[in-house]
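Accompanying notes for the structure given below.
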Amino acid sequence: MKTDPSALLEQLEIRTLIENWVLWRDSGEWDRFATLWRPDGRMITTWSQAPAADFIERSKRAWEGGALKVLHGLEGTTIAIEASRAVAQTKMYILQRGEIDGVAVDVTCRGRFWDLLEKVDGRWGLWLRQPVYEHDTLSTVDPGQPLSLDPELLAQFPEGYRRLAYLQTKLGFEVSRTMPGTRGPEIEALKQMSRRWLTGGDFEALN
């Protein structure tokens with residue numbers, strides 16, 4: 001079955017936006033990064049559930065202060081488009097470095113960027129980015145360096161981002177315990193919200 005060339009172009013524009021998000025955020029190009037969002041866009045993460053403008057400001061401060069050493073990578077994308085609205089899912093991974101009780105560690109968390117987008121005046125923009133956290137690992141930067149984790153603190157977080165949340169908590173961030181993963185009520189609610197969005201649902205009513 002052939003795909004409409006115009007639909008391929010729309011998908012390419014969305015994929016370019018998704019790639020620019022990672023490149024501009026990780027290199028601290030905040031002015032360019034801000035252009036990816038709709039004015040009322042929201043960014044949800046483990047450590048920030050806020051309007052995009054607030055997320056950008058917090059990220060900028062943390063990036064400049066060295067408190068949030070995070071990199072992102074992307075893999076495959078699937079995009080559903082209905083008229084001027086779209087829902088995109090992109091396989092991704094988050095790399096974060098920090099210290100736990102004086103020991104330098106790296107955490108890798110794999111999951112998906114789940115995006116709600118809208119095209120206004122010929123340009124796609126993000127209304128919502130909600131990461132889905134599915135699997136994470138932790139290792140010491142220096143192989144073999146001993147590290148003990150507090151099992152009670154570790155158990156407070158969902159399995160999909162348990163070690164990422166542990167590190168971020170140790171770094172002083174207040175971390176959400178209700179982020180969606182592969183299964184569960186949070187991911188089901190996100191699916192329902194996305195279906196309503198594609199069929200014209202009001203964004204404010206989806207929060």
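Bear in mind that the values in this text are calculations on the coordinates, not laboratory data. Being a predicted model, the structure only gives us computed values, none of them experimental. Glycine gets a Cβ as well: all are built from the backbone with ideal geometry, and neighbour counts include every protein chain shown.
Phi angles of region 9-18 translate, via the Karplus equation with coefficients 6.51, -1.76, 1.60 and θ = phi - 60°, into HN-Hα couplings of 5, 4, 5, 5, 5, 5, 4, 4, 4, 4 Hz per residue; Gly and Pro are given as x. By the gyration tensor of its Cα atoms, with a ≥ b ≥ c the square roots of the eigenvalues, what is the shape of region 5-206: rounded for a/c under 1.5, prolate for a/b over b/c, or oblate? Cα axes put region 5-206 in the prolate bin. Between the helical axis of 185-198 and the longest alpha-carbon principal axis of the chain there is an angle of about 20 degrees.
Within region 70-179, the proportion of C-alpha pairs whose separation exceeds 25 Å stands at 33%.
Dipole orientation for region 5-206: of the candidates L23, G181, H72, G181 has the Cα lying most toward the positive pole (charges on Cβ; Lys, Arg +1; Asp, Glu -1). Could you tell me which of rounded, prolate or oblate describes region 136-207, using a ≥ b ≥ c as the square roots of the eigenvalues of the alpha-carbon gyration tensor, with rounded for a/c under 1.5 and, failing that, prolate when a/b is larger than b/c and oblate otherwise? Note, shape of region 136-207 comes out prolate.
When the chain is treated as a Gaussian network with alpha carbon springs shorter than 10 Å, the biggest mean-square fluctuation among R162, R38, R58 belongs to R58. Highest GNM mean-square fluctuation among A189, A88, A165, for the chain modelled with Cα contacts below 10 Å: A189. Separation of region 17-67 and region 135-173, taken as the distance between their Cα centroids, equals 24 angstrom. Near G122, once Lys and Arg are set to +1 and Asp and Glu to -1 for all other residues with Cβ below 15 Å from its Cβ, the sum equals 0. Across region 5-206, the mean sequence separation of Cα contacts (distance under 8 Å, 6 or more residues apart), normalised by length, yields a relative contact order of 18 percent.
In terms of its alpha-carbon gyration tensor, region 34-126 comes out oblate; a/c meets the 1.5 threshold, while b/c is at least as large as a/b. Ordered by the count of other Cβ atoms within 10 Å of each Cβ, fewest first, R32, R177 give R177, R32.
With a Förster radius of 45 Å applied to the C-beta separation of E186 and A104, the computed FRET efficiency comes to 0.90. Net charge dipole, region 41-140: roughly 220 debye, given to the nearest 20, about the Cα centre with Cβ charges of +1 for Lys and Arg and -1 for Asp and Glu. Applied to region 19-35, the Karplus parametrisation 6.51 cos²θ - 1.76 cosθ + 1.60 on θ = phi - 60° returns per-residue 3J(HN,Hα) values of 5, 5, 3, 5, 5, 6, 5, 6, 9, x, 8, 5, 5, 5, 4, 5, 6 Hz, with x for Gly and Pro. Rounded to the nearest 0.05, the FRET efficiency derived from the C-beta distance between K69 and T35 at R0 = 22 Å is 0.35. Per-residue Cβ neighbour counts within 10 Å put R196, R123, R25, R110 in the sequence R123, R196, R110, R25, beginning with the fewest.
Distance check, please: which entries in K69/K170; K170/K191; K69/K91; K91/K170 exceed 25 angstrom between their Cα atoms? From K69/K170; K170/K191; K69/K91; K91/K170, over 25 Å: K170/K191; K91/K170.
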